[in-house]
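Asker: The structure under discussion is supplied below as structure tokens; questions concerning it will follow.
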Amino acid sequence: MGKMQEDARIIRNEEVARMTWLMRLHSPGIAARARPGQFGMVRVREGIDPLLRRPLSFHRIHSGKGEIELLYRVAGKGTWWLSRCQPDSLVNITGPLGNGFTMPDNPSAAIALVAGGIGIAPLFELMVRISESRSKIKAEKMHLFYGARSADELLPAAVFESTDVSVHWSTDDGSFGFSGYVTELLEEWTARAGFRPTELFACGPLAMQHNVARWALARDIPVQLSLESLMACGIGACLGCALPAVHPGGSSAEHYVHVCKDGPIFSAGSIQWRKIRKQQLPSPIFPCD
Ligand SMILES: Cc1cc2nc3c(=O)[nH]c(=O)nc-3n(C[C@H](O)[C@H](O)[C@H](O)COP(=O)(O)OP(=O)(O)OC[C@H]3O[C@@H](n4cnc5c(N)ncnc54)[C@H](O)[C@@H]3O)c2cc1C
Ligand code: FES
């Protein structure tokens with residue numbers, strides 16, 4: 001089933017952590033089609049301002065009920081307008097878009113996920129699906145490394161109870177869990193526990209994803225990263241979301257991927273990290289330099 005446009009009815013829209021909102025929508029067409037890691041282009045408001053739709057991942061997909069959930073951080077005008085929307089009003093969404101995560105080959109293996117801030121949004125549905133696929137088999141524990149700038153930006157522990165994930169928390173300011181970056185926690189905890197994931201999934205700020213990629217590549221651990229880029233169309237038409245990538249033929253020729261069409265999920269080794277980071281600077285925090 002391909003993408004579609006749907007007027008989704010808002011069931012709830014509430015602040016669940018600081019500047020972080022959860023919107024539940026009745027959107028049967030998209031709920032039937034969507035997979036973890038895919039996203040929708042959301043018209044945040046009628047009229048011409050803001051003109052462009054905003055890309056948001058599917059945080060939960062309840063296909064049976066015809067409902068989806070979006071978890072979004074109020075970052076600017078578009079997401080602010082979205083946070084003003086009331087239950088029973090309609091939000092137009094185009095989707096599902098993008099490739100989505102590939103489910104692990106071996107769901108019983110040692111799987112780890114790394115989420116930085118709002119990066120938890122696309123990882124949650126994946127985590128639920130992996131948990132479900134493991135419910136009837138003997139499986140290694142799944143580990144989530146989940147960090148934010150401070151405790152009030154984290155989702156509450158209760159939301160993870162429906163999954164079989166063990167959550168390792170971190171905050172940059174030390175207000176909850178490990179004090180430091182989530183990538184430092186990943187490094188420290190895995191070394192201490194002697195834990196080597198067989199597969200890794202991550203989403204968060206670019207610098208965090210770069211660090212996860214380096215950590216995984218150095219250990220030969222396959223990793224799927226959900227990357228972001230500024231998006232205007234979401235369907236491969238404007239070329240605005242291009243990121244420098246490694247040439248598939250292995251040549252040194254310039255090569256670009258489009259996050260909306262080729263991604264947003266990429267393997268760590270397919271991306272030209274240095275070039276992207278130059279492209280997307282300035283950023284306030286670049287812990288790995
Ligand atoms: C595939 C994809 C999935 C996404 N999923 C989610 C999600 O589930 N939850 C969520 O909160 N956010 C998600 N984002 C980011 C979200 O789209 C932006 O935060 C949003 O578009 C900002 O719109 P705005 O009008 O509120 O802010 P603007 O006023 O447009 O921008 C505010 C600030 O955010 C920056 N920004 C805008 N768009 C992006 C972007 N795409 N990536 C990085 N920085 C951006 C701007 O440069 C500016 O500094 C996703 C982005 C992509 C590409
Ligand atoms: S957003 Fe237009 S090509 Fe990707």
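The values are calculated or read from the model by the stated rules, or taken from the named source; none is laboratory data. From a predicted model like this one, the values you see are computed outputs, not experimental measurements. For neighbour counting, all protein chains shown are included, and Cβ atoms are generated from backbone atoms with ideal geometry for every residue, glycine included. To get the accessible areas, we keep the full protein, side chains included, count just its heavy atoms, and leave off ligands, DNA and RNA. Shrake-Rupley method; radii C 1.70, N 1.55, O 1.52, S 1.80 Å.
Asker: Once whole DSSP H runs in the chain are found, which of them have Cα atoms spread over 20 Å or more along the helix axis and a mean Kyte-Doolittle score of at least 0.0? Don't skip to the answer; put the middle values down first.
Answerer: On the way: long enough: 120-134 (21 Å, 0.54).
Flagged H segments are 120-134.
Asker: Still on this model: Choose one of Phe145, Ser226, Gly64: the residue whose Cα lies farthest towards the positive end of the charge dipole of the chain (beta-carbon charges +1 Lys, Arg; -1 Asp, Glu; about the Cα centre).
Answerer: The listed residue farthest towards the positive side: Gly64.
Asker: Still on this structure: Which residues in region 217-232 have a backbone N closer than 20 Å to a point placed 7 Å from the Cα of Tyr256 along the Cα-to-Cβ line?
Answerer: 227-232
Asker: Could you state the accessible area per residue of the chain in Å², with a 1.4 Å probe and every protein chain left in place? Numbers along the way, then the final one.
Answerer: Numbers: 13230 Å² over 289 residues.
Result: 46 Å² of accessible area for each residue.
Asker: Rounded to whole Hz and in sequence order, give me ³J(HN,Hα) for region 157-165 from the Karplus expression 6.51 cos²θ - 1.76 cosθ + 1.60, θ = phi - 60°, writing x for Gly and Pro.
Answerer: Once rounded to whole Hz, the list reads 4, 4, 5, 8, 5, 6, 10, 9, 8.
Asker: How many percent of the accessible area of region 111-228 is carbon or sulfur, using a 1.4 Å probe?
Answerer: Result for region 111-228: 53 percent of the exposed heavy-atom area is carbon or sulfur.
Asker: Related question: Ordered by residue, what ³J(HN,Hα) values in Hz, to whole numbers, does region 255-265 give under the Karplus form 6.51 cos²θ - 1.76 cosθ + 1.60, where θ = phi - 60° and Gly and Pro are x?
Answerer: 9, 10, 10, 10, 4, 5, 9, 7, x, x, 8
Asker: So if each residue of separation counts as 0.36 nm, and I subtract the Cα-Cα distance between Met103 and Arg149, what length gain in nm does that give?
Answerer: Numbers: separation 46, 0.36 × 46 = 16.56 nm, distance 2.91 nm.
Result for the pair: 13.7 nm of gain on full extension.
Asker: With a sphere of radius 15 Å drawn around the Cβ of Ser63, what net charge do the other residues whose Cβ falls strictly inside it have (Lys, Arg +1; Asp, Glu -1)?
Answerer: Combined, the nearby Lys, Arg, Asp and Glu give +1.
Asker: Rolling a 1.4 angstrom probe over the protein chains, ignoring ligands and nucleic acids, what is the accessible area of His26 in square angstrom, nearest 10?
Answerer: His26 exposes around 60 Å² with every protein chain in place.
Asker: Can you give me the % of accessible surface on region 4-97 that is carbon or sulfur? Probe 1.4 Å, all protein chains present, nothing else counted.
Answerer: The value for region 4-97 is 51 percent carbon and sulfur by accessible area.
Asker: Another question about this same structure. Would you mind working out the magnitude of the charge dipole of the chain relative to its Cα centre, with +1 at each Lys and Arg C-beta and -1 at each Asp and Glu C-beta, to the nearest 20 Debye?
Answerer: The calculation lands at about 460 debye.
Asker: Given a 1.4 Å probe and the protein chains all in place, what does the accessible area of Leu56 round to, in Å² to the nearest 10?
Answerer: So the heavy atoms of Leu56 present about 20 Å² to solvent.
Asker: With θ taken as phi - 60° and the coefficients 6.51, -1.76 and 1.60, list the Karplus ³J(HN,Hα) couplings across region 14-30 in order, rounded to whole Hz; mark glycine and proline as x.
Answerer: 9, 6, 10, 7, 4, 6, 10, 10, 10, 10, 9, 10, 8, 8, x, x, 6
Asker: Heavy atoms only, 1.4 Å probe, whole protein assembly: order Arg9, Arg53 by accessible area, highest first.
Answerer: Values: Arg9 95, Arg53 45 Å².
From most exposed to least exposed: Arg9, Arg53.
Asker: Compare Arg33, Arg18 by solvent-accessible area with a 1.4 Å probe and give them largest first, with all protein chains kept in place.
Answerer: Arg18, Arg33
Asker: List the residues, sorted by chain then number, that are 5 or more residues from Phe195 or on another chain and whose placed amide H is less than 5 Å from its amide H.
Answerer: Here the answer is none, since no amide H 5 or more places off falls under 5 Å of that of Phe195.
Asker: Where does the charge balance sit around Phe178 when Lys and Arg score +1, Asp and Glu -1, over other residues with C-beta under 12 Å from its C-beta?
Answerer: That works out to -4.
Asker: So who's got an amide H within less than 5 Å of the one on Glu67, skipping anything under 5 residues away but keeping other chains? H placed 1.01 Å off N, in plane.
Answerer: Amide H to amide H, under 5 Å and 5 or more residues apart or across chains, Glu67 pairs with Ser27, His62.
Asker: If amide H atoms are built 1.01 Å from N in the plane of the peptide, which residues on other chains or at least 5 residues away come under 5 Å of the amide H of His168?
Answerer: Sorted by chain and number, the residues that satisfy this are Leu144, Phe145, Tyr146.
Asker: Also: Around Glu6, under 14 Å between beta carbons, what's the net of Lys plus Arg minus Asp minus Glu among the other residues? Present the calculation step by step, with values, prior to reporting the outcome.
Answerer: Values: positive: Lys3, Arg9, Arg33, Arg43, Arg53; negative: Asp7, Glu67.
Residues close to Glu6 contribute a combined charge of +3.
Asker: When only the heavy atoms of the protein chains count and the probe is 1.4 Å, how do Glu188, Glu69 rank by accessible area, highest first?
Answerer: Heavy-atom accessible area, descending, gives Glu188, Glu69.
Asker: Lysine pairs, Cα distance under 28 Å, 8 or more residues apart or cross-chain: how many in the chain?
Answerer: 9
Asker: Lys261 accessible area, nearest 10 Å², 1.4 Å probe?
Answerer: Ignoring ligands and nucleic acids, Lys261 comes out at about 110 Å².
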